[in-house]
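Engineer: The structure under discussion is supplied below as structure tokens; questions concerning it will follow.
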Amino acid sequence: MSDAVSYQLKDGVGVITVNNPPVNALGQAVRAGLKEGLEKGLADDGARALVVIGGGRTFPAGADIREFGKPPQDPSLPDVIDAYENSDKLVVAAIHGTALGGGLEVALGCDYRVAVKSGAVGLPEVKLGLLPGAGGTQRLPRLAGPKAALEMITAGNPVKAPKAQDMGIIDAIVGDDLEAEAIAYAKKLVADGAPRRRICDMEAKAESPSLFEEFEKGLQKKARGFLAPFHCLKAVKAAVDLPFQDGLKRERELFQELMESPQSKAQRHVFFAEREVAKVPGVSKDTPKREVKKVGIVGAGTMGGGIAMNFANAGIPVIIKEVKQEALDKGLATIRKNYESTAKKGRISMDDVEKRMSLLSGTLDYDDFKDVDLVIEAVFESMDVKQDVFETLDKVCKQGAILASNTSTLDVNRIASFTSRPEDVCGMHFFSPANVMKLLENVRGDKTSDDVVATIMDIGKKIGKVAVCVGVCDGFVGNRMLHKRQAEAVALVEEGASPEQVDKVIYDLGFPMGPFAMSDLAGLDIGYSIRLERRKAGDPDAQELTWLDKLAEKGRYGQKTQAGVYKYEEGDRTPKPDPVTAEVIEQHRKDKGITPRDVSDQEVLERCMYVMVNEGSKILEEGIAARALDVDIVWIYGYGFPVYRGGTMFWADQVGVKEIFDRVSQFYKEQGGEQWKPSPLLEQLAKEGKGFHDAK
Ligand code: T1G
């Protein structure tokens, strides 16, 4: 037998154990081993029943995603499961860890399923742009009912063992000695003459005649633009409408369609990319990390408060420094209010609120920072203020403390130069709201040491962020690309498009909202004040007032003032076109002598998106991002880039780098402008017929 699966007779029960760390993925060797293990068990006269169990940390967590896209190798998973379902001996699946995807499908091919309390089951294939392709869409509706199966399969989230028991998926919750408990359970079933329970013999009856129609309506909203959830629904419907074997066939057809779809390729790319970003090229995974037992935050404003919450959520004590008691009290009160509103939604208990608040303290005195291991500064975006803070931190904090700035626009190398310890200085750029947005851009300064990088990447994971290591430049990765898109969006409106048209094109691409709805959400005053600073500093790109600035000058800041680019009814965040904005735009065009023209949706798409691809390409050339996948993850987790398109650079590969290069060159010829100067990397890849993800 392959060493990926072992067979052993124990106390009259044949135990088949999967050993394929780290997650017992069902690669070819495991599938072959499962089949051989079953054959051994059936041939073993001493075995009155069989148990399938995962070695190490979990029951198989799914098919081996790394095999996807390669020629299929026998035995297929459906064949293995079919053999278990038709075995002459009763089979019990013993679950711990996370029995996911194909792993749960193997368990559904068994007669009974037991699990430890901490175990979980799930069918997350939809998150890979797929559907359960080894009978899950046919067996789960028969076992747990079509409604529960629809919810589980289209959301793809794991279900804890006790809840799975209530749903009928797990037959018994057993003690932590899982193997022994499963053996005893199997022996008792045989002794009691318990019936064989082949799920394929069960029937799936829809809980209501309009179940699928209503569920599909819900999906239209929740899964806008996605393909897989709708294919999942069709497959579950086949379990209700068709005999089992026909349903399996339908499932296979739908699975193949998804496997070949650009969406699934994109989502599988993201699955691996969001893990790869944690591995910073040039920083060995064995680099020692500094211990972070206590964190200091400078600034109790929106960002400082949100950042503090991340650490309290992870059980790490935080001390927050403010200049005035009133600001400190306000900041802590806001944090408590946020926790209490989360508790009201039932996501955490009031106990959690108190526990987390107990980890948060405040001070007006920097001296209280002398024992912190990490400081994150989140004060006003002005270099003078940063200089004052970092000079003080340098004096007060202990040797080895990491000094990070949450700056989103300022030069981290310059900030490091205010201290005697530039190797301990870095950026940790959180995205607002900092306690919600998953992206964390960890900014590596020229002098930041490897162990500081390793530490902040590890801390990022500990506080539930997706951390990406980026270099120092204006806007790092995300905002640098965003500013290019914003400038194009503003210019397109100046030339004749409407804000609604631009927003619709970007929304229809799959973003949660378009550029102008996003400006209204963030606040037009933010961008306006940054541009004002830059105008004062003589930045050539910021000299002219844009029509957005003119709205800001009228006090139209966006949602916070119920009017910005759009207008907002009281208590309603739905953006509505506003004639005042149209007038400001019209007057602005007149002031600039522009005759508005019709702008096509295609031009809007190309100018907003290709300018970002070109900028992303320059970011890669400059080493600000190490790999195209880092840029992809920044955009997916920082700005809601549709996951089924894989991120900015993956999407560019799917559009075609040559096509994009040609259009960028065309725009450069027509309009000039640094933003349209084709990046040499873009040109080189176009010439070689390669994509960003081919580039080494
Ligand atoms: N295949 C291949 N590699 C996998 C894998 C998988 N299914 N799951 C995890 N890995 C790798 C991962 O890339 C990482 O590698 C290491 O294992 C640890 O993972 C026919 C078609 C199980 C909850 O979608 O959700 O079954 O970076 O860092 O945080 O119907 O992994 O160390 O080199 O995520 O403790 C369905 C995906 C597949 C489950 C553990 N199953 N995995 O989380 O560790 S499709 C899934 C997870 C399928 C059938 C269909 C998580 C986890 P490296 P990790 P973790």
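Engineer: Show which lysines lie in cross-link reach of Lys677 when reach means a straight Cα distance below 25 angstrom and same-chain residues fewer than eight apart are skipped.
Structural biologist: Lys484, Lys592, Lys618, Lys658, Lys669, Lys687, Lys690, Lys696
Engineer: Can you grab the distance from the C-alpha centre of region 250-308 to the C-alpha centre of region 1-63, Å, no decimals?
Structural biologist: Using only Cα atoms, the two centres lie 32 Å from each other.
Engineer: Along Cα→Cβ, 7 Å out, is where each label goes; now give me the distance between the ones at Ala184 and Glu495 in nm to one decimal.
Structural biologist: 7.4
Engineer: In degrees, nearest 10, range 0 to 90: what is the angle between the Cα axis of helix 524-536 and the longest Cα principal axis of the chain?
Structural biologist: Here the helix axis deviates by roughly 50 degrees.
Engineer: Considering the alpha-carbon set of region 295-470 alone, what are its Rg and its Dmax in angstrom?
Structural biologist: Over region 295-470's Cα set, Rg and Dmax evaluate to 15.2, 47 Å.
Engineer: So which GluC sites (Glu not before Pro) in region 214-265 are both in a DSSP loop and have at most 13 other Cβ atoms within 10 Å of their Cβ?
Structural biologist: Answer by residue number: Glu260.
Engineer: Taking 25 Å as the cut-off for C-alpha to C-alpha distance, list the pairs among Lys127/Lys461; Lys221/Lys355; Lys237/Lys344; Lys289/Lys355 that go past it.
Structural biologist: From Lys127/Lys461; Lys221/Lys355; Lys237/Lys344; Lys289/Lys355, over 25 Å: Lys221/Lys355; Lys237/Lys344; Lys289/Lys355.
Engineer: Kindly provide the GluC sites (Glu not before Pro) of region 543-605 that DSSP labels as loop, not H, G, I, E or B, and whose Cβ sees at most 15 other Cβ atoms within 10 Å.
Structural biologist: Within region 543-605, the qualifying GluC sites (Glu not before Pro) (loop, at most 15 other Cβ atoms within 10 Å) are Glu544, Glu569, Glu570.
Engineer: Something else about it: Setting aside same-chain residues fewer than 8 positions from Lys89, which lysines have a Cα under 18 Å from its Cα?
Structural biologist: Lys10, Lys35, Lys40, Lys187, Lys188
Engineer: Same structure, new question: How much net charge surrounds Asn614 when only the other residues with a Cβ under 15 Å from the Cβ of Asn614 are counted, with Lys and Arg +1 and Asp and Glu -1?
Structural biologist: It works out to a net charge of -2.
Engineer: Using the C-alpha atoms of region 301-375, what convex hull volume per residue, in cubic angstrom, is computed? Show your work: numbers first, answer last.
Structural biologist: Numbers: hull volume 6.0 nm³, N = 75.
Taking only Cα atoms, region 301-375 has a hull volume of 80 Å³ per residue.
Engineer: If you don't mind, there's one more thing I want to ask. With n ≥ 4 as the cut-off for DSSP H runs, can you work out [θ] at 222 nm for the chain, using -39500 (n - 2.57) per run divided by the number of residues, rounded to the nearest 500?
Structural biologist: Here the helix-only value at 222 nm equals -15000 deg cm²/dmol.
Engineer: Turning to a different aspect of this structure: Which whole-angstrom value gives the distance between the alpha carbon centres of region 415-479 and region 126-204?
Structural biologist: 43
Engineer: Let me ask something additional. Just flag the trypsin sites (Lys or Arg not before Pro) in region 297-385 sitting in loop per DSSP whose Cβ has no more than 16 other Cβ atoms within 10 Å.
Structural biologist: Working: sites: Lys321, Lys324, Lys330, Arg336, Lys337, Lys344, Lys345, Arg347, Lys355, Arg356, Lys370; in loops: Lys324, Lys345, Arg347, Lys370.
Passing sites in region 297-385 are Lys324, Lys345, Arg347, Lys370.
Engineer: Still on this structure, please answer the following. Whole number please: convex hull volume per residue, Cα atoms of the chain, in Å³.
Structural biologist: 179
Engineer: About its Cα centre, how strong a charge dipole does region 5-253 have in debye, to the nearest 20, once Lys and Arg get +1 and Asp and Glu get -1 at the Cβ?
Structural biologist: Computed about the Cα centre, the dipole is about 680 debye.
Engineer: Expected output is a single nm value to one decimal: the length gained when fully extending between Lys117 and Lys447, i.e. 0.36 nm times separation in residues minus the C-alpha distance. What is it? Walk me through the intermediate numbers first.
Structural biologist: On the way: separation 330, 0.36 × 330 = 118.80 nm, distance 4.79 nm.
Stretched fully, the Lys117-Lys447 segment lengthens by 114.0 nm.
Engineer: From the phi angles alone, apply the Karplus equation (6.51, -1.76, 1.60; θ = phi - 60°) to region 49-56 and give each ³J(HN,Hα) in whole Hz, x where the residue is Gly or Pro.
Structural biologist: Once rounded to whole Hz, the list reads 7, 10, 10, 10, 8, x, x, x.
Engineer: Excluding residues fewer than 8 places away in the same chain, name every one of the lysines whose C-alpha is closer than 16 Å to that of Lys536.
Structural biologist: Once the sequence-local lysines are set aside, nothing remains near Lys536.
Engineer: Moving on to the next point. Pop out the Kirkwood hydrodynamic radius of region 5-253 from its pairwise C-alpha distances, inverse of mean 1/r, in Å to one decimal.
Structural biologist: The Cα-based Kirkwood calculation yields 17.9 Å.
Engineer: Once the other residues with Cβ under 11 Å from the Cβ of Asp74 are scored (Lys, Arg +1; Asp, Glu -1), what is the net sum? Intermediate results must be reported in sequence, preceding the final value.
Structural biologist: Details: positive: Arg31, Lys35; negative: Asp79.
Summing Lys/Arg as +1 and Asp/Glu as -1 gives +1.
Engineer: Computed FRET efficiency, Cβ-Cβ of Ala43 and Asp246, R0 41 Å: what is it to the nearest 0.05?
Structural biologist: 0.80
Engineer: May I pose another question? Can you compute the FRET efficiency between Gln73 and Ala191 using 1/(1 + (r/R0)^6), with r the Cβ-Cβ distance and R0 = 41 Å? Round to the nearest 0.05. Before the final figure, lay out each step's value.
Structural biologist: Details: r = 39 Å, r/R0 = 0.96.
After rounding to 0.05, the efficiency reads 0.55.
Engineer: With +1 on the Cβ of every Lys and Arg and -1 on the Cβ of every Asp and Glu, and nothing else charged, how large is the dipole of region 214-289 about its Cα centre, in debye rounded to the nearest 20?
Structural biologist: Here the size comes out at about 320 debye.
Engineer: Rounded to the nearest 0.05, what FRET efficiency do Ser529 and Lys554 have when you use their Cβ-Cβ distance and R0 = 25 Å? Intermediate results must be reported in sequence, preceding the final value.
Structural biologist: Values: r = 15 Å, r/R0 = 0.60.
Once rounded, the FRET efficiency stands at 0.95.
Engineer: May I ask which residue of Trp651, Tyr185, Val283 lies farthest towards the positive end of the charge dipole of the chain, with charges of +1 (Lys, Arg) and -1 (Asp, Glu) on Cβ and the Cα centre as origin?
Structural biologist: Tyr185
Engineer: Once you have the Cα-Cα distance between Lys677 and Asp572, take 0.36 nm times their residue separation minus that, and quote the gain in nm to one decimal.
Structural biologist: Result: 33.6 nm gained on full extension.
Engineer: On to the next question. Once both axes come from the Cα atoms, what is the angle between helix 478-495 and the longest principal axis of the chain, in degrees from 0 to 90, rounded to 10?
Structural biologist: Tilt relative to the chain: about 60 degrees.
Engineer: Can you give me the Rg/Rh ratio for region 224-264, using Cα atoms for both radii and the Kirkwood formula for Rh?
Structural biologist: 1.01
Engineer: Would you list Ser6, Ser405 from the most to the least accessible area, probe 1.4 Å? Show your work: numbers first, answer last.
Structural biologist: Details: Ser6 50, Ser405 0 Å².
Listed by decreasing accessible area, they come as Ser6, Ser405.
Engineer: Expected output is a single nm value to one decimal: the length gained when fully extending between Ser210 and Asp367, i.e. 0.36 nm times separation in residues minus the C-alpha distance. What is it?
Structural biologist: 50.0 nm
Engineer: While we're looking at this one, here's another question. Measure nothing fancy, just the Cα-based angle from helix 499-509's long axis to the longest principal axis of the chain, in degrees from 0 to 90, nearest 10.
Structural biologist: Value to nearest ten degrees: 30.
Engineer: While we're on this one: What is the Cα coordinate range of region 478-688 on the first, second and third principal axes, sorted by size from largest, in whole angstrom?
Structural biologist: 51, 37, 36
Engineer: Moving on to the next point. Apply the Kirkwood formula to region 521-605: the hydrodynamic radius equals the inverse of the mean of 1/r over all pairs of different alpha-carbon atoms; give it in Å with one decimal.
Structural biologist: 14.2
Engineer: Turning to a different aspect of this structure: What is the Cα coordinate range of region 27-106 on the first, second and third principal axes, sorted by size from largest, in whole angstrom?
Structural biologist: Cα extents, longest axis first: 40, 27, 18 Å.
Engineer: Sticking with this one: Could you compute the net charge surrounding Ala491? Neighbours are other residues with a C-beta less than 14 Å from the C-beta of Ala491; K and R count +1, D and E count -1.
Structural biologist: Residues close to Ala491 contribute a combined charge of -4.
The values are calculated or read from the model by the stated rules, or taken from the named source; none is laboratory data. Source: prediction; values computed, not measured. Quick reminder, even Gly has a Cβ in these numbers, built from the backbone with ideal geometry, and neighbours come from all protein chains shown. Remember, those area values only see protein heavy atoms, side chains included, never the ligands or the DNA or RNA. Shrake-Rupley method; radii C 1.70, N 1.55, O 1.52, S 1.80 Å.
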